[in-house]
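Notes for the one structure printed next.
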Amino acid sequence: MASTQDAWYISLLGLAEHFRTSNPPDIKSCIQCLQAVFNFKPPQRVEARTHLQLGNILLTHTKNIDLARTHLEQSWCLSQTINGFDDVKFEAASVLAELFEQQGQPTHSKPILRKAIELSQHSVYWHCRLIFQLAQIHATEREYEVASSLLGVGVDYAQISNAAYTRVLFLLSRVMLLLIDKKIQEVLPLLNQAMHLVDSWAGSLHQKEYLKVFFLVLQVCHYLMAGQVKSVKPCLKQLQQSIQTIMAPTWPDDDAVCGTAPGESFVWLSRQQLYVLVYLVTVMHSAQAGYMDKAHKYTEKALAQIDKLTSSGCTERSVCGAAGGVGGAGGVRGGAALAWRLRMALVEHAALCRLVAGGKAHALHEIARAAHLLQVAPSPCVAAAHTPQLHCLLGLYAMSMNCMEAAEAQFHTAINMSQERDLWMFAKLNLAIVYLRGRRDNELAQIMEQVRPEALPTYAHGLRAASYYVLGLQAFFQARYNEAKRYLRETLKMANAEDLNRLTSCSLVLLGHIFLSINNSRESMNMVTPAMQLASKIPDVHVQLWASAILKDLYRLAGDTERENEA
């Protein structure tokens, strides 16, 4: 039989769980039962556990964040000195650190997690989980070197602890951070190491396929960041096949991927989240390759999948094993933030595709959707990271409407706000076109020094090709036709090498315009005809209009009235 002390505690705990799981839940009575535990002056272990339970319940079911934080702090403080009390001790540290981060106080989170990591070296699961969490906070703060170093510690610790699956997770997470930080030279050896580990995987087939999807997502992103649309095709196809395998009805749930070993209870993303992510990278590829209809189709499918995710509540945390019940932490917050990011990225691409295809009203609708999403962002930090993209989209919309002053203001705002070098370069290249069209040579000369091909990173294949195009456009405006042709041929060479269809069509139509300007009608026709065909396939309305205007002049010069009228 249970002792008297055990009996009252078990009774109160049972009552609390009864009230929590009632329909509807009676959270007030649940909290009262847990608070009643303290009236019996319980042992330190019971007191620490009850504080944790109260903190979790208050966080999940109420808006009383300050009281939740107080209970979590007391649980963390009490449990630190208790030996063999890992679940309470480290869950308290983890949830408290997460709460501070959500409140915009990551400086409070870091020392808690560092202390917990120091205390948890004997517990493989908690040590790995806390390293992941601290690395995530540093990454969010853009402290990529510290985050990468922590993940490196995780790789070594997992290897020593014989947690092979978690070792690869740490390694791939490190690759992801290096990609974000544009440390491309450091990425390649680690990607190759990860590929070898995945290919030679001797463990669970489910874990192997899961790690393969993670690896392929990073490999595809590596190519897309560089604008290597053609080179990426084989691994994108592989990724699409792998995600179909994982999404098959016969595939087990995420717990099966986590496995039974305590140090391997992690997934990067759930299956459903991975499914949306693969849609997103497919949209990115289609947009870069210039297949706007395809990009739009996949965007709609991905957004429908996100709606399905959020409505069914399948926005779980990345880390398996965040328990439910009175003692468990609520796990939807991280998943909801990820769903927001995926939705935002898709809406941004949808707006861009609409602009290219000439659907200005639809583009404005998508931009308005993005602006609304910013208002409901998971945190001010996340909103701030996406605001420059919105200004870029507004700048592109203003350019399409020939409102050059408004475009200039939006691009300047994006440049001043952005911490992403690629976005900064993209905005400056568009700003250069604004200055070109306004004949503002001094500002143009100044900005072109910053975005000349040789000033751009070697990995940025697409941006370098675009830079040659802008140089060609500048030379054309200044009637330096031979120089313009030289730059545009360089763009064509780079664009053709990687199937950058929009740049190809833009370069061909501009070359056609140059040949028309020097009275070489035959060469002009040879350039404009394929440009028109490619622009119609994309579809790119602006290039189609430009090509039509040149064709009209060519047919007029040839005396072909019927075709001139058609153009």
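Could you please let me know if Glu366 is in a helix (DSSP H, G or I), of a type in the set (Asp, Glu), without any contact (Cβ under 8 Å) to a residue 60 or more places away in the chain and buried (at least 18 other Cβ atoms within 10 Å of the Cβ)?
Spelling it out, Glu366 is indeed in a helix (DSSP H, G or I), of a type in the set (Asp, Glu), without any contact (Cβ under 8 Å) to a residue 60 or more places away in the chain and buried (at least 18 other Cβ atoms within 10 Å of the Cβ).
Taking into account only those residues within region 233-253 that are in a loop (DSSP other than H, G, I, E, B) and farther than 12 Å from Leu205 by Cα, which is least open to solvent (accessible area, probe 1.4 Å)?
The qualifying residue least open to solvent (accessible area, probe 1.4 Å) is Ala248.
Step by step: first the residues of region 34-47, then only those that are part of a helix (DSSP H, G or I) and among the charged types (D, E, K, R), then the one that is surrounded by the fewest Cβ atoms within 10 Å (Cβ to Cβ). Which residue is that?
Among those residues, the one meeting the criterion is Arg45.
Let me confirm something: among Leu150, Leu177, which residue is in a helix (DSSP H, G or I), out of contact with any His (no Cβ under 8 Å at 6 or more places or on another chain) and not aromatic (Phe, Trp, Tyr)? Don't jump to the end; show me each part of the working.
Numbers: Leu150 fails: out of contact with any His (no Cβ under 8 Å at 6 or more places or on another chain).
That would be Leu177, the only listed residue that is in a helix (DSSP H, G or I), out of contact with any His (no Cβ under 8 Å at 6 or more places or on another chain) and not aromatic (Phe, Trp, Tyr).
Among the residues of region 60-90, count how many are hydroxyl-bearing (Ser, Thr, Tyr), in a helix (DSSP H, G or I) and more than 9 Å from Ala48 (Cβ to Cβ).
2
Checking the conditions here, which among Lys110, Lys41, Lys89 is among the charged types (D, E, K, R), farther than 29 Å from Ala147 by Cβ and out of contact with any Pro (no Cβ under 9 Å at 6 or more places or on another chain)?
Lys41
From Leu188, Leu197, Leu171, grab the single residue that is surrounded by 20 or more Cβ atoms within 10 Å (Cβ to Cβ), in a helix (DSSP H, G or I) and of a type outside the set (Gly, Ala, Ser).
Checking each option against the conditions leaves just Leu171.
Would you please list the contacts, defined by Cβ atoms under 8 Å and residues six or more apart or on different chains, that run from a residue in region 26-43 that is modelled with pLDDT of 80 or more to a residue that is surrounded by 15 or more Cβ atoms within 10 Å (Cβ to Cβ) and not in a helix (DSSP H, G or I)?
Cys30/Val326; Leu34/Val326
How about region 48-69: which of its residues are surrounded by fewer than 18 Cβ atoms within 10 Å (Cβ to Cβ) and touching a Leu at 6+ places or on another chain (Cβ under 9 Å)?
The answer is Asn64, Ile65, Leu67.
Give me the residue from region 158-168 that is in a helix (DSSP H, G or I) and in contact with a Gly (Cβ under 9 Å, 6 or more places away or on another chain) and, out of that set, farthest from Gly203 (Cα to Cα).
If we take residues in region 158-168 being in a helix (DSSP H, G or I) and in contact with a Gly (Cβ under 9 Å, 6 or more places away or on another chain), then Ala158 is farthest from Gly203 (Cα to Cα).
One line per residue, one yes/no per condition, for (1) open to solvent by 20 Å² or more (accessible area, probe 1.4 Å); (2) at pLDDT below 90; (3) of a type in the set (Ser, Thr, Tyr):
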position: Leu78; (1), (2), (3): yes, no, no
position: Asn83; (1), (2), (3): yes, yes, no
position: Phe90; (1), (2), (3): no, no, no
position: Ser94; (1), (2), (3): no, no, yes
position: Gln102; (1), (2), (3): yes, yes, no
position: Leu119; (1), (2), (3): yes, no, no
position: Tyr144; (1), (2), (3): yes, no, yes
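Quick check on region 254-278: of everything there that is of a type in the set (Gly, Ala, Ser) and part of a loop (DSSP other than H, G, I, E, B), which residue is least open to solvent (accessible area, probe 1.4 Å)?
Among residues in region 254-278 that are of a type in the set (Gly, Ala, Ser) and part of a loop (DSSP other than H, G, I, E, B), the one least open to solvent (accessible area, probe 1.4 Å) is Ser270.
Would you confirm, using the coordinates I've provided, whether Ala383 is at pLDDT below 95, out of contact with any Asp or Glu (no Cβ under 6 Å at 6 or more places or on another chain), surrounded by fewer than 20 Cβ atoms within 10 Å (Cβ to Cβ) and part of a helix (DSSP H, G or I)?
Taking the combined requirement at face value, the residue satisfies it.
Gln446: closer than 22 Å to Met399 by Cα, in a helix (DSSP H, G or I), in contact with a Lys or Arg (Cβ under 8 Å, 6 or more places away or on another chain) and polar (S, T, N, Q), yes or no?
No.
Residues are listed down the side, and each one gets a yes or a no for (1) modelled with pLDDT under 90; (2) surrounded by fewer than 21 Cβ atoms within 10 Å (Cβ to Cβ); (3) touching a His at 6+ places or on another chain (Cβ under 6 Å):
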residue: Leu511; (1), (2), (3): no, no, no
residue: Ile514; (1), (2), (3): no, no, no
residue: Ser521; (1), (2), (3): yes, yes, no
residue: Val528; (1), (2), (3): yes, no, no
residue: Ala535; (1), (2), (3): yes, no, no
residue: Pro539; (1), (2), (3): yes, yes, no
residue: His542; (1), (2), (3): yes, yes, no
residue: Ser548; (1), (2), (3): yes, yes, no
residue: Asp560; (1), (2), (3): yes, yes, no
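Only one of (1) more than 23 Å from Ser286 (Cα to Cα); (2) out of contact with any Leu (no Cβ under 6 Å at 6 or more places or on another chain) is not met by Phe411, so which one is it?
Only one criterion in (1) more than 23 Å from Ser286 (Cα to Cα); (2) out of contact with any Leu (no Cβ under 6 Å at 6 or more places or on another chain) is unmet by Phe411, namely (2).
Would you mind stating whether Leu113 is under 20 Å from Leu211 (Cβ atoms) and either without any contact (Cβ under 8 Å) to a residue 12 or more places away in the chain or hydrophobic (A, V, I, L, M, F, W, C) (or both)? Reasoning before the result, please.
Numbers: under 20 Å from Leu211 (Cβ atoms): no; either without any contact (Cβ under 8 Å) to a residue 12 or more places away in the chain or hydrophobic (A, V, I, L, M, F, W, C) (or both): yes.
No: the conditions fail for Leu113.
Can you name the residue in region 272-290 that is touching a Cys at 6+ places or on another chain (Cβ under 7 Å) and closer than 17 Å to Val229 by Cβ and, of all such residues, is modelled with the lowest pLDDT?
Ala287
Condition first: closer than 22 Å to Ala97 by Cβ and not in a helix (DSSP H, G or I). Can you find one or more residues in region 16-29 that meet it?
Looking for residues that are closer than 22 Å to Ala97 by Cβ and not in a helix (DSSP H, G or I), one finds none in region 16-29, hence no.
Would you please list the contacts, defined by Cβ atoms under 6 Å and residues six or more apart or on different chains, that run from a residue in region 456-479 that is of a type in the set (Lys, Arg) to a residue that is open to solvent by less than 20 Å² (accessible area, probe 1.4 Å) and assigned to a helix (DSSP H, G or I)?
These pairs meet every condition: Arg464/Pro453.
Residue check: is Phe19 modelled with pLDDT under 85, buried (at least 17 other Cβ atoms within 10 Å of the Cβ), at negative phi and in contact with an Asp or Glu (Cβ under 8 Å, 6 or more places away or on another chain)?
Judged against the criteria, Phe19 is a match.
Name the residue that is most open to solvent (accessible area, probe 1.4 Å), counting only residues in region 478-490 that are closer than 20 Å to Ala445 by Cα, in a helix (DSSP H, G or I) and of a type outside the set (A, V, I, L, M, F, W, C).
Arg486
Got a sec? Which of Ala16, Ala93 is under 21 Å from Arg129 (Cβ atoms) and either touching a strand residue (DSSP E or B) at 6+ places or on another chain (Cβ under 8 Å) or in contact (Cβ under 8 Å) with a residue 24 or more places away in the chain (or both)?
Just one listed residue meets the conditions, Ala93.
The values are calculated or read from the model by the stated rules, or taken from the named source; none is laboratory data. Since the model is a prediction, treat every value here as computed from it, not as a measurement. Note that each Cβ is placed from the backbone with ideal geometry, even for glycine, and that neighbours are counted across all protein chains shown. Heads up: the accessible areas ignore ligands, DNA and RNA and are worked out on the full protein's heavy atoms, side chains in. Shrake-Rupley method; radii C 1.70, N 1.55, O 1.52, S 1.80 Å.
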